[in-house]
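J.: Mind looking over this structure? Questions follow.
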Amino acid sequence: MTSEHSRLYYSCIFLHVSFQAVLGTVENSSKSEDTPCWLDAQLLGMLSDELQRCRSDAAPLPEVCQALDTAIYHCSLLMAQCPAAVNRQLCRHHLEAIMMPLKEASSRLSNKAGPAASQRSAGQRLRGWLGW
């Protein structure tokens, strides 16, 4: 995996975990399902900016771009209605719809190295350990 792919991979992981934390906050709220969801719009804006940056960095990778475009779409829908214009159920739906393509993008990026690359690195490590 190149350093660009690695950085993009970890950015996607960061975003997934961040949106997962936001979802945890929504789910742990003691309010009823039809109560408006009050997310931190500034936090969502920062995550959206990072999502846009990742999409820009993924330009040479169409399959990753497609997943990030889906995440951006749902993030934009959520931000257009936040704060307090969506109930908790719809908020959860959008957050899950953001996280799923982020997980897909991370998976696609982790497969970029492929089995041959991992075998080479293992072989190189073995040769280094043996002093060859």
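The values are calculated or read from the model by the stated rules, or taken from the named source; none is laboratory data. These numbers come from a predicted model, not from an experiment. Methodologically, a virtual Cβ is constructed for each residue, glycine included, from the backbone with ideal geometry; neighbour enumeration extends over all protein chains shown. Keep in mind that these areas ignore ligands, DNA and RNA; they rest on the heavy atoms of the full protein, side chains included. Shrake-Rupley method; radii C 1.70, N 1.55, O 1.52, S 1.80 Å.
J.: Where nothing but the Cβ of Lys and Arg (+1) and of Asp and Glu (-1) is charged, how large is the charge dipole of region 53-96 around its Cα centre, in debye to the nearest 20?
T.: With only Lys, Arg, Asp and Glu charged at Cβ, the dipole is about 220 debye.
J.: When only Cα pairs under 8 Å and 6 or more residues apart are kept, what is the percent relative contact order across region 3-112?
T.: 44 percent
J.: Continuing with this model, one more query. To the nearest 10 square angstrom, what accessible area does His16 show with a 1.4 Å probe?
T.: Number for this one is 40 Å².
J.: Please arrange Val17, Val64 by accessible surface area, largest first, computed with a 1.4 Å probe and ligands excluded.
T.: Val17, Val64
J.: Which order do you get for Ile98, Ile72, Ile13 if you rank them by accessible area with a 1.4 Å probe, largest at the top?
T.: These residues rank, largest area first, as Ile13, Ile72, Ile98.
J.: Principal axis lengths of region 1-110 from Cα atoms, whole Å, largest first?
T.: For region 1-110, the Cα extents along the three principal axes come out at 46, 22, 20 Å.
J.: Read phi for every residue in region 65-71 and hand back ³J(HN,Hα) as whole Hz from Karplus 6.51 cos²θ - 1.76 cosθ + 1.60, θ = phi - 60°, with x for Gly and Pro.
T.: 4, 4, 5, 5, 4, 5, 4
J.: What residues qualify as long-range amide H neighbours of Asn87, i.e. H under 5 Å apart, gap of 5 or more or another chain, H built at 1.01 Å from N?
T.: Residues meeting the criterion, in which the H sits 1.01 Å from N, are Cys37.
J.: Can you give the accessible area of Ser110 in Å² (nearest 10), computed on protein heavy atoms with a 1.4 Å probe?
T.: For Ser110, solvent-accessible area is about 50 Å².
J.: Still on this structure, please answer the following. Taking the Cα centre of region 3-112 as origin, sum charge times position over the Cβ atoms of Lys and Arg (+1) and Asp and Glu (-1), and report the length of that vector in debye to the nearest 20.
T.: Around 140 debye, computed over region 3-112.
J.: Over the heavy atoms of Glu104, what accessible area does a 1.4 Å probe trace out, to the nearest 10 Å²?
T.: It works out to around 70 Å².
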